[in-house]
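Colleague: Okay, handing you the structure first.
The values are calculated or read from the model by the stated rules, or taken from the named source; none is laboratory data. Not measured: the values here are computed from a predicted model. Here Cβ is always computed from backbone atoms with ideal geometry, including for glycine, and neighbour counts include all displayed protein chains. Only protein heavy atoms, including side chains, enter the accessible area calculation; ligands, DNA and RNA are left aside. Shrake-Rupley method; radii C 1.70, N 1.55, O 1.52, S 1.80 Å.
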Amino acid sequence: MSKNIEVSTNEKTYFLEALKSGIRLDSRAFDEIRQPEITLSKKEYGYVELDWGTTKLAVRVSAEIRKPYEDRPFEGLFMINCEISSMSWPHFDNQKNSNDEVLIARIIEKAIRRSNSLDLESLCIIAGEKVWCITVDLNFLNYDGNFIDAGCFGVMLALHHFKKPDISIVNGGEDIIVHDVNERQPVPLSVLHVPVCLTYSFYNPGNKESNLKGEDDDEIYLLDANLLEEQNREGSIVITLNKNRELIQLSKNGGIPINANVLLELSFKSMKIVDRLTEKIKEVIKKHEAERYEELNLRLLEVGADR
């Protein structure tokens, strides 16, 4: 992906023969994703650790008050920083980013920031003067394939988990008081929709020349490829959807051609997976909020509570 890695001929032949026989080496179905394992911080809002199989990442969301852009005085700022280093895989280069690494960062940014999944107008404090700037730092800790899907899921999970401090505007809007989270309950972000990226990898078990001519349409696709599967694939496509059945992004960068009917089939299959992952985010956040509510005895702050 950054430094050239060659897979041995025996390993590649064994992998392709297994696919022809309908067998995936990690025992998953061809259209099955790895089950994410989520760890939410109980001390810090917006810090999430995610295990996507053995692909691991950490996401931290932070907020600060800044001046808005002159051409967008009513909108807050939203930035996503993607860090891929040799810590996640020794073959990544720390000195410069490869084309694939830049592509990963841009696809995640396009899926989330450019699709307006976060309501930027809700981040406005004083129009033209002060707005919230939300920054997402995405760090990959271990690489076993499919940074795009894991990264997009992790960022959306962290945005749901994050809460910005409550504020008070005093002296006719001249001064702003930012309250500590222990003084006032923080305010969650306004997330308009939840984009989910799903990456399909394609393999050509037959004649590559006939596939390019359109004579063969027997390519094999795998959802959520691991490292070995990514190294042997001959093409990929990223489909980004949300629960509202909106197609947010369709990204295919080179590789073998894909039949239009196959693309439609994959899009319909992706809808069920998107629904499942979206519900998982909501369930995890709801469970975490209930646990925090009990631990901090927040019921005592309710109106009419028996103190």
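Colleague: May I ask you to list the residues in the stretch 40-55 that are surrounded by fewer than 20 Cβ atoms within 10 Å (Cβ to Cβ) and either modelled with pLDDT of 95 or more or within 13 Å of Phe153 (Cα to Cα) (or both)?
Modeller: Tyr47, Glu49, Asp51
Colleague: Considering every residue within the stretch 20-28, establish whether at least one is surrounded by fewer than 17 Cβ atoms within 10 Å (Cβ to Cβ), over 21 Å from Tyr221 (Cα atoms), out of contact with any Lys or Arg (no Cβ under 9 Å at 6 or more places or on another chain) and not charged (D, E, K, R).
Modeller: Scanning the stretch 20-28, I find no residue that is surrounded by fewer than 17 Cβ atoms within 10 Å (Cβ to Cβ), over 21 Å from Tyr221 (Cα atoms), out of contact with any Lys or Arg (no Cβ under 9 Å at 6 or more places or on another chain) and not charged (D, E, K, R), so the answer is no.
Colleague: If you don't mind, there's one more thing I want to ask. Tell me which residues, restricted to the stretch 179-194, are without any contact (Cβ under 8 Å) to a residue 12 or more places away in the chain and among the basic types (Lys, Arg).
Modeller: none
Colleague: Inspect the stretch 130-137 for any residue being assigned to a loop (DSSP other than H, G, I, E, B) and within 30 Å of Phe92 (Cβ to Cβ) and give the result as yes or no.
Modeller: So in the stretch 130-137, the residues assigned to a loop (DSSP other than H, G, I, E, B) come out as none.
Within the stretch 130-137, not a single residue is assigned to a loop (DSSP other than H, G, I, E, B) and within 30 Å of Phe92 (Cβ to Cβ).
Colleague: Please work out which residue is most open to solvent (accessible area, probe 1.4 Å), limiting yourself to the stretch 169-202 and to residues that are within 30 Å of Ile107 (Cβ to Cβ) and part of a loop (DSSP other than H, G, I, E, B).
Modeller: Among residues in the stretch 169-202 that are within 30 Å of Ile107 (Cβ to Cβ) and part of a loop (DSSP other than H, G, I, E, B), the one most open to solvent (accessible area, probe 1.4 Å) is Leu192.
Colleague: Conditions first: (1) in contact with a Gly (Cβ under 8 Å, 6 or more places away or on another chain); (2) in a loop (DSSP other than H, G, I, E, B). Ile108 passes all but one, so which condition is the exception?
Modeller: (2)
Colleague: Just to be sure before I move on: is Ile84 over 30 Å from Lys243 (Cα atoms) and either out of contact with any helix residue (DSSP H, G or I) (no Cβ under 6 Å at 6 or more places or on another chain) or modelled with pLDDT under 95 (or both) in the structure I sent?
Modeller: For Ile84, the condition - over 30 Å from Lys243 (Cα atoms) and either out of contact with any helix residue (DSSP H, G or I) (no Cβ under 6 Å at 6 or more places or on another chain) or modelled with pLDDT under 95 (or both) - is not met.
Colleague: Here is a follow-up. Being under 23 Å from Gly254 (Cα atoms), among the polar types (S, T, N, Q), touching a residue at least 24 places away in the same chain (Cβ under 8 Å) and surrounded by 14 or more Cβ atoms within 10 Å (Cβ to Cβ) is the requirement here; does Ser98 meet it?
Modeller: Working: under 23 Å from Gly254 (Cα atoms): yes; among the polar types (S, T, N, Q): yes; touching a residue at least 24 places away in the same chain (Cβ under 8 Å): yes; surrounded by 14 or more Cβ atoms within 10 Å (Cβ to Cβ): yes.
It is true that Ser98 is under 23 Å from Gly254 (Cα atoms), among the polar types (S, T, N, Q), touching a residue at least 24 places away in the same chain (Cβ under 8 Å) and surrounded by 14 or more Cβ atoms within 10 Å (Cβ to Cβ).
Colleague: All but one of (1) touching a strand residue (DSSP E or B) at 6+ places or on another chain (Cβ under 8 Å); (2) open to solvent by less than 80 Å² (accessible area, probe 1.4 Å) hold for Glu83, so report the exception by its number.
Modeller: Failed condition: (2).
Colleague: Which of the numbered conditions does Asn139 fail, given that it passes all the others? Conditions: (1) modelled with pLDDT under 95; (2) more than 12 Å from the chain's Cα centre (by Cα).
Modeller: Unmet condition: (2).
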